[in-house]
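Written out below as structure tokens is the structure these notes cover.
The values are calculated or read from the model by the stated rules, or taken from the named source; none is laboratory data. Just so we're clear, the structure is a prediction, and the values are computed from it rather than from any experiment. Cβ atoms come from the backbone with ideal geometry, glycine included; neighbour counts cover every protein chain shown.
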Amino acid sequence: MSDTQERAILLFVVITVLLVTPMRAFWLQTWWAPFAFWLLIILVLALLRRSRDAA
Amino acid sequence: MPLSDSILFVVSAALLGIYALGSELIERSPRWGRLGRNPVSYSLALGVYATTWTLFGSVGFAKSNGYEFLAIYVGVTLSCVAIPFLWQPLAELVDRYRLGSMADVLAFRYQSRTLGAIVTVFMVAGLLPYIALQLRAVAGGAAILVGHEPSEELGTIYALLLSAFAVVLGVRYADGRAHRPGLVATLAFESLFKLLAIVIVGGVVLFAYFGGVRGLNQYLVERPELVEAMTEPVMGDSWVALIFVTFSAAFLLPRQFFVGFVQRPGPRSLPTARYMLPLYLLVINLPVPVLYWAGRELAPPDMRPDAYVLAALASTPWAQVLAFLGAVSAASAMILVTSIALSGMVSNYLVPRFGASPESLLGRWAVFRRGTIIGVVVAGLMLHFTLPATRSLVDLGLASFVAVTHLLPGLVGTLFWRRATRSGVLAGLTVGALSWSVLTATPLFGIELDLSQAYALFGFSDASARGPAIWSGFAAHVLVFVAVSLMTSRTAEERNAAEACREPRVTRVLQVPNSAEALEERLASYVGREMALEEIGEAARAANVPWPTLDRRDLLQLVAELEGRLSERIGPLAARTYVHGGRPVSVDALAERLRAFRELDAMGIDPLQTSSAAHVARRYLSQLMAGLPVGVCTIDENEDVVIWNSELEHMSDLSEDQTSGHPVHELPNPWRLLFEELARDPSDAVVERQYEVESQVFELRAQTAMLPGDGGTGRVFVVEDLSSLRELERHVAHKDRLSSIGTLASGVAHEIGNPLTGILMVAKNLAEDPQANDAEERLNLIVDEARRIHGIVQGLLSFSRRAETRLALEDVPINATVRASVELAKLQTGGRIDLTLGPESITRATSDGLTQVLVNLLNNARQASPEGRPVTISTTAVGGEVRIDVEDHGDGVPAELADRIFEPFFTTKPQGKGTGLGLSVSRQILRRFGGSLSYAARGEGGSRFTVTLPSVEN
């Protein structure tokens, strides 16, 4: 998978989960869930950076 | 017990003083300066996004809109996800052309100072509410801490404190130079301070009021309606609109642009900020709900929610002061950077327009810029006093955010849509500014239109939500922008600028004045001789070139440095005009670049290593690489990729960013295999290789050469993609085969015609006289000719199977075959044929094939000979060969056509009398027997065709 494809998929997933109304309910289950989901996005970004550096 | 006014003020001033001193120390010390140049500091400095809105306003926002307050930061996170698509190309553009603001970007792309001025006015108007927000938050916080209501005096005191800080540091950094480590480091410390402040006060509340995380959980379990109130608003109309607005604000707000692009220390900064900035915003927001829940329990009923943070800390005054200092810190940084950014825009686009004389422009520029900083802060202060006190921090902040979203269409036109026109962006921006004024700005002053019915038409159920106003204004802007762009055309300058923006590597043309005197004269005509000499002198010192100079290389360096310095100070359009005489950007002036490059090259300047002058060479080299029709890759002595040109990007689907700087052995196949093989081979031989990678076939031709350098020997690889060439070859071969089949089919039809004519004539004679004495002989002739046709059809079938046709060769007696052919020819064409036979010889052939050839030659000879003149055919055995000569007494073949008579379709006969295939098919047949067919002119006129065949022993 090329970098461009990887970025596009990530962007698509993040946009979908953040913006599509039914998907929003998924990360609003508890008071801390929005933060956990947000952290998950950041971890993915950090891992992408790390794997890119390693490459 | 309330704090003393003076103590709070002194503590606040001390904090700002520490920032100012630290900034100066870092700016002066190379050792400390590194703090301002690393990616972590840069990421933290981008935290200037978090202001008093974050520290105080988010709690108020959480009270009214629950977790919708997170949209303000989640939008930034989404923007960070898109850094490679949006921020990165914009950063490259800003670096390349030394642009200082979005006004510069749009003015450059659309070649319009008017556009720059409109953007400037719009941004100043849009950002003033934001500055007012900072002052209001700080003044309000101070009033709570000192125990009385917010007053004009208190607001003025803190506004003056923040203004003084902004002016002192702003003037220090408003000299037009980019990359100020002192500023970046100061902003990073400021970000750290406010982060620590809110985390600490959040921790204090969590443990002091809730008894820790477990206590907080218990509190919420007992009050499920609180959690529901937090989550429910996120499902409403405004969430997506807020995400969109903050997505744009993350990099288009003047302060974000200034820190994110103008102060970007290096290429590694953005990848780091991509995850560090969202992480920073996450951590700074974690305490917000905790502070809100505690505040709603502890705050007096009439307290504004924006002040809940301080109310929640009522029992711990030191934490209150810490929270307040966090707000002072955030507000000061925001006002500082915003005023610097806005002052640059105002100085570049408004000051020259409003009366500054050219001679004094540069001299007054610094004064104007510093004055603008003060003006911006004072205007924000006035707005703070003017705006109704009921407006929340979020209302004021969002008004600014919505304003900057209107820069997005123009930016999209800059980066992605070359068709966008100046008229389109001007019209769109005008509509955007009007919609912002009506839908967003005037409601801040209590003037609101009832648009609920209009919104309902577009499906918005809640007209009071923020979404409908945001979307309708933006949609109107985009609609007008696109429509007008499609209806208007771009000027030549716009087209050139659009190309330059779209492809940063194809950069602007450097049209260098012919001499030092010409440069001086040109600049002096705009800014006066004294100022011109001063600017040129400073640029010369910075570029380390003597002045005045007549050296072309030094002149190039000087021009590059001068344009860069002026671009940072007075905007790219004005700088180009001053240095290059106002000539439009022209990407066609290749000759000038070529000359400049050659001169640099001849002087031994390394185009990839030098700084100022190397821009010229690098631009030319980049364009050269981009224009080559073959792939070019160079590697250095460490086998790291240095150049990966655009043709190679096209072949490999790998961008230069993905390959440059990476070692060859990390490239994906087939490139790794190819380059490693070439690197091992010291010769410069051309290699052709075919690779199959993930079902894709690569057919490549490549060559390498050594690339000596100072640090060792690198290599250059030149690669051609043969895949398309091979495909073309296969296509031509297919067409050729079809053509051959067609040729043969025509030939076969031609040859079948001869025996068929014979059969018809003999059969016709026999029908008229069935009892003729030679009836049996005639019937045998018919059978023989029918067999001949059969043989031809078999030959066609063999050819069509494309197999190596293995003919069933047999021993064929030459003389007998010649006699039979003569009989057939006589039947077809009549006339006299003289026959001279030598000794009988045997050849390996097919009787049908040989007869076909001889009949064809005899018919041709008969047709060429005048009436009454004989055709002769003779056989001769010579050594291991037998020769058959067919001669006529015609006019012969013109000498100039003799070489062409064996070509398919070539004929000298009148149209309709021959297909031009007889001789070519005959030669083809004889070759298959191991023989040949040749032509020679007879000495006494006429032609001689000679069949030569190998003879075999009896």
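Figures for the structure shown
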{"read-out": "Sole exception among (1) of a type in the set (A, V, I, L, M); (2) more than 10 Å from chain A (Cβ to nearest Cβ); (3) under 48 Å from the mean Cα position of the chain (by Cα); (4) within 24 Å of residue B:212 (Cβ to Cβ) for residue B:311, by number", "value": "(3)"}
{"read-out": "Number of positions in the stretch B:287-308 that are under 48 Å from the mean Cα position of the chain (by Cα) and within 20 Å of residue B:215 (Cα to Cα)", "value": "6"}
{"read-out": "Single residue of the stretch A:11-32 satisfying the filter (part of a helix (DSSP H, G or I), more than 7 Å from chain B (Cβ to nearest Cβ) and of a type outside the set (A, V, I, L, M, F, W, C)) that is surrounded by the most Cβ atoms within 10 Å (Cβ to Cβ)", "value": "A:16"}
{"read-out": "Pairs where the first residue, in the stretch B:93-114, is over 22 Å from residue B:428 (Cα atoms) and the second is small (Gly, Ala, Ser) and surrounded by fewer than 24 Cβ atoms within 10 Å (Cβ to Cβ), C-beta under 6 Å, 6+ apart", "value": "B:98/B:564"}
{"read-out": "Of all residues in the stretch B:99-130 being closer than 19 Å to residue B:378 by Cβ and among the hydroxyl-bearing types (Ser, Thr, Tyr), the one that is surrounded by the fewest Cβ atoms within 10 Å (Cβ to Cβ)", "value": "B:120"}
{"read-out": "Matching entry among B:405, B:338 (being touching a helix residue (DSSP H, G or I) at 6+ places or on another chain (Cβ under 7 Å), under 17 Å from residue B:121 (Cβ atoms), at pLDDT 85 or above and surrounded by fewer than 24 Cβ atoms within 10 Å (Cβ to Cβ))", "value": "B:405"}
{"read-out": "Residue check, residue B:23 modelled with pLDDT under 90, touching a Ser or Thr at 6+ places or on another chain (Cβ under 6 Å) and of a type in the set (S, T, N, Q)", "value": "yes"}
{"read-out": "Residue B:134 being modelled with pLDDT of 80 or more and touching an Asp or Glu at 6+ places or on another chain (Cβ under 6 Å)", "value": "no"}
{"read-out": "Considering residues of the stretch B:276-306 that are within 9 Å of another protein chain (Cβ to nearest Cβ) and surrounded by fewer than 22 Cβ atoms within 10 Å (Cβ to Cβ) only, the residue farthest from residue B:144 (Cα to Cα)", "value": "B:279"}
{"read-out": "Selection within the stretch B:52-99 - among the charged types (D, E, K, R) and within 34 Å of the chain's Cα centre (by Cα)", "value": "B:92, B:95, B:96, B:98"}
{"read-out": "For residue B:201: the one exception among (1) of a type outside the set (S, T, N, Q); (2) buried (at least 23 other Cβ atoms within 10 Å of the Cβ); (3) within 39 Å of the chain's Cα centre (by Cα)", "value": "(3)"}
{"read-out": "Output for the stretch A:33-47, where each listed residue is more than 8 Å from every other protein chain (Cβ to nearest Cβ) and either among the aromatic types (Phe, Trp, Tyr) or touching a Pro at 6+ places or on another chain (Cβ under 9 Å) (or both)", "value": "A:37"}
{"read-out": "When residues of the stretch B:1-58 are limited to those that are without any contact (Cβ under 8 Å) to a residue 40 or more places away in the chain and among the polar types (S, T, N, Q), the one farthest from residue B:135 (Cα to Cα)", "value": "B:29"}
{"read-out": "Residue match in the stretch B:916-929 (condition: more than 19 Å from residue B:817 (Cβ to Cβ), part of a loop (DSSP other than H, G, I, E, B) and at pLDDT below 80)", "value": "yes"}
{"read-out": "Enumeration of residues in the stretch A:1-10 that are surrounded by 15 or more Cβ atoms within 10 Å (Cβ to Cβ) and either more than 7 Å from chain B (Cβ to nearest Cβ) or over 19 Å from residue B:240 (Cα atoms) (or both)", "value": "A:3, A:7"}
{"read-out": "Residues of the stretch B:654-680 satisfying the condition of being touching a Ser or Thr at 6+ places or on another chain (Cβ under 7 Å) and part of a loop (DSSP other than H, G, I, E, B)", "value": "B:667"}
{"read-out": "Meets criteria (at pLDDT below 85, surrounded by fewer than 24 Cβ atoms within 10 Å (Cβ to Cβ) and of a type in the set (Phe, Trp, Tyr)) for residue B:158", "value": "no"}
